[in-house]
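Notes follow the structure.
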Amino acid sequence: MNYGEIKKTDIANGIGVRVSLFVSGCRHHCKNCFNQATWDFNYGSEYTEETEKEILLSLKPAYIKGLTLLGGEPFEAENQKELAGLCKKVRQMFPYKDIWCYSGFTFEEITGNSRANCEATKEFLSYIDVLVDGRFVEEEKDISLKFRGSRNQRIINLKETLAQNKIVLLDI
C-alpha cells in the first residue's frame, strides 16, 4: 500500500485535532475530486512499519482526538488489510481515541456485493467509529457542510449502525 500524506494536526477531517492518513489508490475518479493525485495506487510513499510507527507516535498527545483515514480510497481491496492492521493497533494503544474513515463507497456497497467487500472488510469496519460515505458529487457540492463535500454524503455513526443493523447518522 502507498500513501500520499500524513497530516499530524488535521482539523478538517473529523471532530477535534486528528492525525490523518491519505492512502493512495482510488477507482471512483469523482469529477473535481480534491485529491486526484491519490487515484494512482503508486502515488506517494510506500507504507512501511516505520510509517505505522510514525502514525502511532503522532496519536500519543492528549490533544489528538483520533485517526482519520481517507485518500484515495481506504476501501479499495488493496488498502484494507494494511488499514485494518493499523486500526487494530490504534484500538489497542489508544482505546479512548476515535477512528474516522472517508469512503466514496456507500455503507451498502461496502457491506454488499461490490469490489469494496473483501476478506478484510468486516474486521476493518469493526474498528471504525465514524464512516463518511458516498462519492463526491460536484452537482451536490456544498461548502457549508461539516466534514463532507457534497449533500449526498452521510456521516454515519458506524458503531451504532452495526449494533442496530440500520443506518444511524452522527448528530453533528
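The values are calculated or read from the model by the stated rules, or taken from the named source; none is laboratory data. Everything numeric in this text was worked out from a predicted model, so none of it was measured. Using ideal geometry, Cβ is built from the backbone for each residue, glycine included, and neighbour counts are taken over all protein chains shown.
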Of the residues that sit in segment 54-113 and are of a type in the set (A, V, I, L, M, F, W, C) and farther than 16 Å from Arg18 by Cα, which one is surrounded by the fewest Cβ atoms within 10 Å (Cβ to Cβ)?
-> Ala77
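This table checks each residue for (1) crowded, with 18+ Cβ neighbours inside 10 Å; (2) part of a loop (DSSP other than H, G, I, E, B); (3) out of contact with any Leu (no Cβ under 9 Å at 6 or more places or on another chain).
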{"position": "Tyr3", "(1), (2), (3)": "yes, no, no"}
{"position": "Thr9", "(1), (2), (3)": "no, no, yes"}
{"position": "Arg18", "(1), (2), (3)": "yes, no, no"}
{"position": "Phe22", "(1), (2), (3)": "yes, no, no"}
{"position": "Asn32", "(1), (2), (3)": "no, yes, yes"}
{"position": "Phe41", "(1), (2), (3)": "yes, yes, yes"}
Would you call Leu162 in contact with a strand residue (DSSP E or B) (Cβ under 6 Å, 6 or more places away or on another chain), outside any loop (DSSP other than H, G, I, E, B), in contact (Cβ under 8 Å) with a residue 24 or more places away in the chain and not basic (Lys, Arg)?
-> no
Of the residues in segment 129-171 that are polar (S, T, N, Q) and closer than 25 Å to Tyr96 by Cα, the one that is surrounded by the most Cβ atoms within 10 Å (Cβ to Cβ) is Thr161
Across segment 109-143, what is the number of residues that are closer than 22 Å to Gly14 by Cα, of a type outside the set (D, E, K, R) and not in a loop (DSSP other than H, G, I, E, B)?
-> 9
Considering residues that are at pLDDT below 95 and in contact with a helix residue (DSSP H, G or I) (Cβ under 9 Å, 6 or more places away or on another chain), the number found within segment 27-71 is 8
Just a yes or no: is a residue in segment 56-77 small (Gly, Ala, Ser), out of contact with any Asp or Glu (no Cβ under 6 Å at 6 or more places or on another chain), more than 20 Å from Asp10 (Cβ to Cβ) and not in a loop (DSSP other than H, G, I, E, B)?
-> yes
